[in-house]
1. Could we say that residue A:94 is within 24 Å of residue A:249 (Cα to Cα), without any contact (Cβ under 8 Å) to a residue 40 or more places away in the chain and either crowded, with 20+ Cβ neighbours inside 10 Å or not assigned by TED's automatic domain parsing to the domain that holds residue A:11 (or both) here?
2. Just for the range B:162-172: of the residues that are in contact with a strand residue (DSSP E or B) (Cβ under 9 Å, 6 or more places away or on another chain) and at pLDDT below 95, which one is surrounded by the most Cβ atoms within 10 Å (Cβ to Cβ)?
3. Is there any pair with a first residue in the range A:252-264 that is at the interface with chain B (Cβ under 7 Å from one of its Cβ atoms) and a second that is in a helix (DSSP H, G or I) and surrounded by fewer than 18 Cβ atoms within 10 Å (Cβ to Cβ) whose Cβ atoms are under 6 Å apart and which are 6 or more apart or on different chains, and what are they?
4. So which residues in the range B:72-99 are in contact with a strand residue (DSSP E or B) (Cβ under 8 Å, 6 or more places away or on another chain), more than 12 Å from chain A (Cβ to nearest Cβ) and not in a strand (DSSP E or B)?
5. Could you check, for the range B:142-160, whether at least one of its residues is closer than 24 Å to residue B:30 by Cβ, part of a loop (DSSP other than H, G, I, E, B) and touching a strand residue (DSSP E or B) at 6+ places or on another chain (Cβ under 8 Å)?
6. Which one of the conditions (1) facing chain B (nearest Cβ under 7 Å); (2) touching a strand residue (DSSP E or B) at 6+ places or on another chain (Cβ under 9 Å); (3) closer than 30 Å to residue A:194 by Cβ does residue A:220 fail to meet, given that it meets all the rest?
7. Based on what the data block shows, is residue B:226 surrounded by fewer than 18 Cβ atoms within 10 Å (Cβ to Cβ) and at positive phi?
8. Tally the residues that are touching a strand residue (DSSP E or B) at 6+ places or on another chain (Cβ under 7 Å), more than 17 Å from residue B:7 (Cβ to Cβ) and surrounded by fewer than 17 Cβ atoms within 10 Å (Cβ to Cβ), restricting the search to the range B:296-314.
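The values are calculated or read from the model by the stated rules, or taken from the named source; none is laboratory data. All values reported here derive from a predicted model rather than from experimental measurement. Quick reminder, even Gly has a Cβ in these numbers, built from the backbone with ideal geometry, and neighbours come from all protein chains shown.
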């Protein structure tokens with residue numbers, strides 16, 4: 001194995017391709033993973049805009065193969081996906097059973113830890129999950145965003161009798177729709193592009209346009225647009241005592257009438273990273289099938305073009321491979 | 001019985017005393033109630049500032065005696081309190097079991113229904129609850145705000161092991177503190193005035209000042225200050241995955257970082273009117289004792305002075321009697 005690798009590098013909001021970045025060896029408890037495929041998500045695009053002051057290798061959605069795992073030889077050669085929050089296990093939040101909210105956490109490709117847009121990456125072995133043999137790389141790479149979609153069902157109990165609206169039919173919105181429809185709820189997705197209707201053409205998923213949106217009707221509304229206009233639509237759509245799930249991370253303020261939240265007794269719930277095992281189960285069983293979401297695949301050397309493509313409106317999942 | 005009565009009247013943000021307002025007779029299903037005592041709350045004060053464009057007799061916290069109840073003679077002479085939302089029983093929200101969110105609702109002294117700051121008022125009989133004989137008027141008049149405090153426990157499950165912070169030690173904040181401490185939770189109240197510490201000097205209720213507030217610590221934070229600064233404190237105080245209950249109705253915008261709500265997975269829950277029967281039970285058993293909250297009592301003719309007194313910072317409950 002060589003001592004350097006190709007990688008994308010983010011610094012001062014500028015993304016560049018670097019052909020020779022040093023490969024760091026794994027610390028005790030860590031694995032060195034050879035990246036097989038990685039996905040560009042909205043958070044990566046926001047980071048380039050300065051959403052978070054990160055310097056280093058971005059990327060947090062990946063499938064890879066373990067090549068070094070000191071002390072844990074059974075992991076060598078395994079094809080894995082990885083949870084992105086690296087927890088200290090000492091702080092109040094870790095001890096309260098919330099490692100994804102660790103006060104000292106590093107986050108793969110987002111905070112204090114180089115990410116997956118490189119030939120190799122490091123992660124603690126405890127963060128890794130083996131990928132079932134029947135799930136190809138191009139499907140397994142959706143494990144992390146599907147886990148984020150499933151976090152909604154970790155947080156709120158979706159009753160089968162409920163009327164649920166997903167606002168935003170992008171990459172994450174479609175995974176949310178595919179997972180929520182499995183609850184038996186009456187599921188609708190607000191779409192802006194004709195292509196999204198075709199992508200959502202699956203049993204039980206209904207589409208509507210903004211003109212067709214009924215006010216104060218929905219029991220649960222998921223805001224997954226990545227823009228502030230999405231929240232305003234969600235606020236109009238939710239019924240009294242209904243719930244709005246906030247799924248977008250973007251730089252900006254949430255602004256809404258304080259007393260109307262009180263008078264209508266609305267719930268707002270922020271929602272971030274979720275559980276990997278059910279995501280892998282749903283990908284293996286095929287109940288969630290993200291294959292229609294794959295747009296294009298680029299090499300790391302083409303990384304800048306890949307990011308530009310991923311940022312186009314209505315664009316689906318852009319993948320990177322070494 | 002005469003055909004006119006004394007009342008306070010709100011019109012174009014001006015509150016006035018009127019010695020001769022017509023007494024309307026009860027419609028079928030309604031009771032005519034002689035007001036014995038009524039309380040001025042923050043919503044009344046906000047209405048005078050223009051929070052809601054109401055014209056008529058304000059007031060929604062009261063104890064009274066039923067004097068007419070066509071077709072329901074057993075109610076005559078009963079001492080009662082009354083729920084303030086008058087529901088249609090036809091609309092989608094009523095049929096979904098949410099009469100306090102009726103789309104056509106009238107609200108006593110707040111929307112399309114004359115209120116309690118008068119010698120007589122009208123309410124549907126279904127809204128009335130008899131007051132136990134052992135509960136004096138000056139205590140029973142707190143039924144409506146205590147019910148609003150108990151709405152928190154209708155909405156969220158307070159675990160006995162949780163750390164709970166109430167921000168705002170005014171009239172409503174104190175009733176919230178007195179009801180939440182009964183759950184066994186570790187209860188703290190943020191106070192701004194030394195007098196509030198003395199009022200909160202009850203078993204299990206702890207006080208702290210803004211300087212002593214620990215960040216990201218509290219499982220549940222109740223915002224009951226009636227001002228936008230209260231929400232900013234609540235946002236700082238709540239732990240990741242914690243809950244903020246919004247209890248204030250004031251004119252203004254809620255403004256907060258969108259992505260920090262998502263990253264910390266915070267829940268915001270608006271909370272309004274609550275259940276009367278448990279409020280009456282807790283007043284009867286004495287587990288909640290609002291007697292320390294009574295400040296002064298005025299006649300209707302002194303209503304303007306009463307409102308001025310109620311609006312003073314740190315002022316407790318100002319009562320009106322005919």
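1. no
2. Among residues in the range B:162-172 that are in contact with a strand residue (DSSP E or B) (Cβ under 9 Å, 6 or more places away or on another chain) and at pLDDT below 95, the one surrounded by the most Cβ atoms within 10 Å (Cβ to Cβ) is B:168.
3. Taking only residues 6 or more apart or on different chains, the pairs are A:252/A:228.
4. B:72, B:75, B:76, B:77, B:78, B:83, B:84
5. no
6. Here residue A:220 meets the rest and fails (1).
7. no
8. Of the residues in the range B:296-314, 3 are touching a strand residue (DSSP E or B) at 6+ places or on another chain (Cβ under 7 Å), more than 17 Å from residue B:7 (Cβ to Cβ) and surrounded by fewer than 17 Cβ atoms within 10 Å (Cβ to Cβ).
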